[in-house]
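Participant: Below you will find the structure I want to go over with you.
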Amino acid sequence: MNFEFSDEQVMLRDSLSRMLDQRYAFESRRRIMAGQAETGIWSELVDMGIVAMPLPEACGGLGGSASDIVAISELFGRHLVIEPLLPSVILTGRALARFDPAGPVPRWIADIGTGALRGAFAHEEGSGTGASSTLSTKLYEGEAGPRIRGSKKLVLGGGEAGVLLISALSETKAVCLAAVPADAEGIEVRRYRALDGRPVADILFHDVAVDRAAIMAGADAALEALLADARLALAAEAVGAMAVLMATTADFAGTREQFGRPIGSFQAIAHRLADMKIAYVKARASLLYIAALADSGRATSRDISVLKAQVGRLGREIAQGAVQIHGGIGMTDELPVGHYLKHILTIDGLFGNTDYHLREIGRVVASA
Amino acid sequence: MNVDFDPSLEAFREEVCAFLDTAPTDAIREAGRKTTSVFAPFEATMEWHRLLYARGWAAPAWPVEYGGTGWSLEQRYIFSEEHWKRDLPPLLPNGLIMVGPLLMELGTPEQKRQHLPGILSGKDYWTQGYSEPSAGSDLAALSCSALADGDDYIINGQKTWTTLAHKANKMFMLVRTNRDGKKQQGITFLLLDRTDYPGMHIRPIIGLDGVAEQCEVFFDNVRVPQAGRVGAENEGWSVAKALLKHERGGAAHSPAIRRKLDAIRAAARDATASFGGPLSEDPVFQRDLGELEAEVASFEHVEKLVLSGHALADDPAMPSLNKVMSSELSQLLSIMMTRVAGIDALPLQLEALEVGSGVQPLGDPFSLVAMPYYLNTRAASIYAGSNEVQRDLISRNLQTVRA
């Protein structure tokens with residue numbers, strides 16, 4: 001058994017941390033979010049090999065494993081990075097690599113790997129669960145070939161993407177994945193930002209024509225793998241955010257004085273901090289364990305649900321504790337604390353929230 | 001990263017399974033099924049101890065030179081997993097996990113020679129004399145006194161929560177030998193090679209679960225040899241801390257906890273939900289079971305990371321973190337057990353719980369133990385350093401999480 005990051009992963013994390021410390025500190029991030037600063041971060045991530053990392057080697061990537069994705073995503077969470085590594089590469093790029101290499105697909109993957117093209121995964125339709133059983137978007141045979149009709153919500157990076165990966169049901173109700181250029185006729189995009197500042201979009205597909213070579217029929221397993229990647233990467237982001245909240249809140253409680261002494265010396269505060277630490281240790285242990293399981297190809301949907309549910313509930317416990325212990329200042333927009341809370345809440349809502357995953361775990365284990 | 005035990009350990013697992021499948025007697029198996037405490041039913045568990053000793057497996061955590069197995073942490077985890085899967089009674093901890101390893105570390109050669117063989121073989125059972133009526137969480141406030149007199153000490157005072165003292169033939173204890181200076185100074189660690197010294201009086205205490213597991217022990221001018229002192233006089237606090245390290249370290253709790261959850265899942269398939277249908281298909285139950293499963297899984301992950309030597313294992317707060325997690329998880333499981341048992345948890349069935357009583361329980365075996373386990377497990381957040389004390393310790397080690 002070994003749950004440490006490899007030497008290569010540690011080196012990559014060190015250089016990514018240095019870059020983000022310099023370029024993505026909280027104040028810089030605020031300017032980036034407000035559109036007052038050019039990020040340039042994406043091209044840095046390309047240069048560091050991080051954008052190509054999650055893609056298979058056969059597609060020009062670096063064959064990134066689950067733990068590679070976790071190693072990077074955890075640092076993204078620590079810095080509240082909203083660059084589109086998850087929607088473009090981890091989700092769309094890796095899923096396209098499972099398609100038959102025909103038509104436009106290989107070109108799209110190559111361009112996603114160089115960062116020149118961005119992809120987005122249009123899946124959510126409103127249930128919030130990510131479950132394929134709730135899909136209603138249709139892939140049907142039109143007069144001049146296959147077409148897609150349906151509407152998708154909260155598509156991460158959907159407004160900036162050049163290619164859209166869409167989940168849909170065929171006329172025989174089979175789960176399919178299809179990819180189309182984002183500028184195809186009949187696509188309507190409504191851009192907005194999510195709670196934590198991530199650019200997202202609602203996307204309507206009005207009978208959009210699809211290249212037959214860019215369709216994967218019988219995509220249940222591919223969709224399951226895609227959702228596992230999404231949940232694992234988001235969980236890693238959440239754990240990264242939890243570490244920052246834990247450390248900054250402990251520091252704050254050690255220096256902030258009321259009644260003539262540091263508030264951390266009061267047992268009510270000390271014990272809440274202890275509970276936050278317990279929550280953090282559990283969440284991080286599950287992240288590393290399930291990353292290792294995923295590396296061996298044996299992470300079940302139950303394992304992934306455990307991880308997603310735990311970072312949801314434990315993350316909320318830590319983030320709400322952090323706001324409370326910071327007191328009034330924790331309620332302000334100028335302190336990072338609230339931004340981490342919103343990051344954690346957003347993550348919880350994506351691809352199945354805590355309640356969904358807990359119920360799903362219970363359903364599976366009660367009958368096993 | 002790699003989640004697997006060393007593959008060469010599969011043969012070891014088979015060897016363990018073969019023995020555990022065949023060696024226990026019916027009484028031992030019954031004791032395992034009727035275990036509702038950290039302290040399994042005494043007589044049958046000591047019988048199991050002696051059978052394991054005969055196999056050379058009584059002390060998985062002891063080094064070979066003292067008659068232990070010399071197993072790695074992974075082997076110990078595997079043994080524990082297979083042991084719990086079969087509902088066998090866990091061996092009593094005071095000798096094997098507490099005073100035995102302490103003597104290996106700090107005992108004189110004579111003390112080791114005198115006491116370790118009996119601990120290992122199961123001939124002796126040791127009770128722990130630490131707490132007093134006015135010294136619980138604040139253990140250093142203890143006042144039970146020992147006065148040096150020739151080659152002896154004369155002990156006066158009272159100990160309480162001396163688990164199974166009425167079954168024990170040996171006792172390790174903390175006594176006050178000096179009242180000057182800080183209260184941690186002036187404490188001495190003593191081994192009593194008998195529990196029937198003149199002037200020593202043991203009174204069992206009936207617990208919430210109706211069972212006499214705890215005792216109080218009164219000392220009225222009890223004369224014991226000074227040869228039983230571990231460490232120097234007045235240095236007993238550091239000896240006690242060394243023992244605590246053994247008590248809280250090493251052993252994995254997740255195999256026992258996983259087994260409880262398995263029992264809950266099985267029982268829920270036979271139980272009826274309040275609004276009809278099997279409880280296992282009730283949505284509210286499924287949600288709560290899911291939360292329990294997630295918590296059990298995370299705790300397993302923590303223990304496996306520690307087992308693997310991950311940096312988490314070096315966190316100075318890890319013993320406290322593990323104690324809080326395992327005790328509170330046990331309590332959550334105990335609550336769920338009583339929920340699943342429903343009204344079948346309400347009959348008071350002390351005789352049916354006794355090993356060898358031959359009294360058939362009302363309801364199923366799961367329901368028989370649900371409420372006694374729930375009641376006994378209230379103690380988990382109180383003993384071995386209350387969870388409030390543990391949280392104090394955890395809050396002093398927060399800097400180990402670095403952003």
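The values are calculated or read from the model by the stated rules, or taken from the named source; none is laboratory data. Model, not experiment: these values are computed from the prediction. Neighbour counts run over all protein chains shown; Cβ positions are idealised from the backbone, glycine included. The area values use the complete protein model at the heavy-atom level, side chains included, leaving out ligands, DNA and RNA. Shrake-Rupley method; radii C 1.70, N 1.55, O 1.52, S 1.80 Å.
Matching residues to (1) closer than 23 Å to A:LEU85 by Cα; (2) open to solvent by less than 20 Å² (accessible area, probe 1.4 Å); (3) assigned by TED's automatic domain parsing to the domain that holds A:GLY61:
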{"position": "A:HIS123", "(1), (2), (3)": "yes, yes, no"}
{"position": "A:SER127", "(1), (2), (3)": "no, no, no"}
{"position": "A:GLU141", "(1), (2), (3)": "no, no, no"}
{"position": "A:GLY145", "(1), (2), (3)": "no, yes, no"}
{"position": "A:ILE148", "(1), (2), (3)": "no, yes, no"}
{"position": "A:GLY158", "(1), (2), (3)": "yes, yes, no"}
{"position": "A:GLU185", "(1), (2), (3)": "no, no, no"}
{"position": "A:ALA214", "(1), (2), (3)": "yes, yes, no"}
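Participant: Before we move on, is B:GLU388 in a helix (DSSP H, G or I), of a type in the set (Asp, Glu) and either over 17 Å from B:SER37 (Cβ atoms) or at pLDDT below 95 (or both)?
Facilitator: Numbers: in a helix (DSSP H, G or I): yes; of a type in the set (Asp, Glu): yes; either over 17 Å from B:SER37 (Cβ atoms) or at pLDDT below 95 (or both): yes.
So B:GLU388 fits the description; yes.
Participant: Tally the residues that are within 18 Å of the chain's Cα centre (by Cα) and open to solvent by 10 Å² or more (accessible area, probe 1.4 Å), restricting the search to segment A:261-294.
Facilitator: Adding up the residues that qualify gives 2.
Participant: Right, here's the next one. Take B:GLY363 and decide whether it is at pLDDT below 95 and either in contact with a Phe, Trp or Tyr (Cβ under 7 Å, 6 or more places away or on another chain) or within 14 Å of chain A (Cβ to nearest Cβ) (or both). Spell out the reasoning first.
Facilitator: Working: at pLDDT below 95: yes; either in contact with a Phe, Trp or Tyr (Cβ under 7 Å, 6 or more places away or on another chain) or within 14 Å of chain A (Cβ to nearest Cβ) (or both): no.
For B:GLY363, the condition - at pLDDT below 95 and either in contact with a Phe, Trp or Tyr (Cβ under 7 Å, 6 or more places away or on another chain) or within 14 Å of chain A (Cβ to nearest Cβ) (or both) - is not met.
Participant: Would you check if A:ALA292 is hydrophobic (A, V, I, L, M, F, W, C), in contact (Cβ under 8 Å) with a residue 60 or more places away in the chain and part of a helix (DSSP H, G or I)? If you could, list the steps in order and put the result at the bottom.
Facilitator: Working: hydrophobic (A, V, I, L, M, F, W, C): yes; in contact (Cβ under 8 Å) with a residue 60 or more places away in the chain: yes; part of a helix (DSSP H, G or I): yes.
So A:ALA292 passes the test.
Participant: While we're here: With respect to the numbered conditions (1) surrounded by fewer than 16 Cβ atoms within 10 Å (Cβ to Cβ); (2) within 14 Å of chain A (Cβ to nearest Cβ); (3) free of Cβ contacts under 8 Å to residues at least 24 places away in the same chain, which one is the sole condition not fulfilled by B:ARG396?
Facilitator: Just one mismatch for B:ARG396, condition (3).
Participant: Further, regarding this structure: Checking the structure you have, find out if any residue of segment B:51-63 is crowded, with 19+ Cβ neighbours inside 10 Å, assigned to a helix (DSSP H, G or I) and either out of contact with any helix residue (DSSP H, G or I) (no Cβ under 8 Å at 6 or more places or on another chain) or not aromatic (Phe, Trp, Tyr) (or both).
Facilitator: Yes, segment B:51-63 contains at least one residue that is crowded, with 19+ Cβ neighbours inside 10 Å, assigned to a helix (DSSP H, G or I) and either out of contact with any helix residue (DSSP H, G or I) (no Cβ under 8 Å at 6 or more places or on another chain) or not aromatic (Phe, Trp, Tyr) (or both).
Participant: Continuing with this model, one more query. Scanning segment B:130-165 for residues that are aromatic (Phe, Trp, Tyr) and under 22 Å from the mean Cα position of the chain (by Cα), which turns out surrounded by the fewest Cβ atoms within 10 Å (Cβ to Cβ)? Explain how you work it out, then say what you get.
Facilitator: Here is the first cut: in segment B:130-165, the residues aromatic (Phe, Trp, Tyr) are B:130, B:153, B:161.
If we keep only those that are under 22 Å from the mean Cα position of the chain (by Cα) too, we end up with B:130, B:161.
Numbers: B:TYR130: 20, B:TRP161: 22.
Filtering first and then ranking leaves B:TYR130.
Participant: Tell me which strands (runs of 3 or more DSSP E) are completely within segment B:150-241 and hold 1 or more residues being farther than 30 Å from B:LEU353 by Cβ, or say none if there are none.
Facilitator: Numbers: elements: B:152-160, B:170-176, B:187-192, B:200-206, B:212-225.
Fully inside segment B:150-241 and qualifying: B:152-160, B:170-176, B:187-192, B:212-225.
Participant: Follow-up question, since we're still on this one. Working only within segment A:1-56, note down all residues that are among the small types (Gly, Ala, Ser), within 13 Å of chain B (Cβ to nearest Cβ) and assigned to a loop (DSSP other than H, G, I, E, B). Before the answer, list the steps.
Facilitator: Going through segment A:1-56, the residues among the small types (Gly, Ala, Ser) turn out to be A:6, A:15, A:17, A:25, A:28, A:34-35, A:37, A:40, A:43, A:49, A:52.
Checking the rest, the ones that are also within 13 Å of chain B (Cβ to nearest Cβ) come to A:6, A:17, A:25.
Within segment A:1-56, A:SER6, A:ALA25 meet the criteria.
Participant: Among the residues of segment A:356-367 satisfying the criterion of being open to solvent by 50 Å² or more (accessible area, probe 1.4 Å) and within 7 Å of chain B (Cβ to nearest Cβ), which is farthest from A:GLN320 (Cα to Cα)? Break it down stepwise before answering.
Facilitator: Narrowing segment A:356-367 to residues open to solvent by 50 Å² or more (accessible area, probe 1.4 Å): A:356, A:359, A:363-364, A:367.
Applying the additional criterion that residues be within 7 Å of chain B (Cβ to nearest Cβ) yields A:359, A:363, A:367.
Working: A:ARG359: 23, A:ARG363: 29, A:SER367: 34 Å.
Here the answer is A:SER367.
Participant: Sticking with this structure for a sec: Just to check your reading of the model, which residue among A:VAL89, A:VAL163, A:VAL155 is touching a strand residue (DSSP E or B) at 6+ places or on another chain (Cβ under 7 Å) and closer than 18 Å to A:ARG231 by Cβ?
Facilitator: A:VAL155
Participant: Can you name every residue in segment B:358-378 that is among the aliphatic types (A, V, I, L, M), surrounded by fewer than 21 Cβ atoms within 10 Å (Cβ to Cβ) and free of Cβ contacts under 8 Å to residues at least 40 places away in the same chain?
Facilitator: Initially, segment B:358-378 is screened for residues among the aliphatic types (A, V, I, L, M), giving B:359, B:362, B:368-371, B:375.
Subsequent filtering for residues that are surrounded by fewer than 21 Cβ atoms within 10 Å (Cβ to Cβ) retains B:359, B:362, B:375.
Once the filter is applied, which keeps residues that are among the aliphatic types (A, V, I, L, M), surrounded by fewer than 21 Cβ atoms within 10 Å (Cβ to Cβ) and free of Cβ contacts under 8 Å to residues at least 40 places away in the same chain, segment B:358-378 yields B:VAL359, B:LEU362.
Participant: Report, ordered by the first and then the second residue, all pairs with beta carbons closer than 6 Å, sequence separation of six or more or different chains, a first member in segment B:261-287 that is open to solvent by 40 Å² or more (accessible area, probe 1.4 Å), and a second member that is of a type in the set (Val, Ile, Thr) and assigned to a loop (DSSP other than H, G, I, E, B).
Facilitator: From residues that are open to solvent by 40 Å² or more (accessible area, probe 1.4 Å), there are no pairs.
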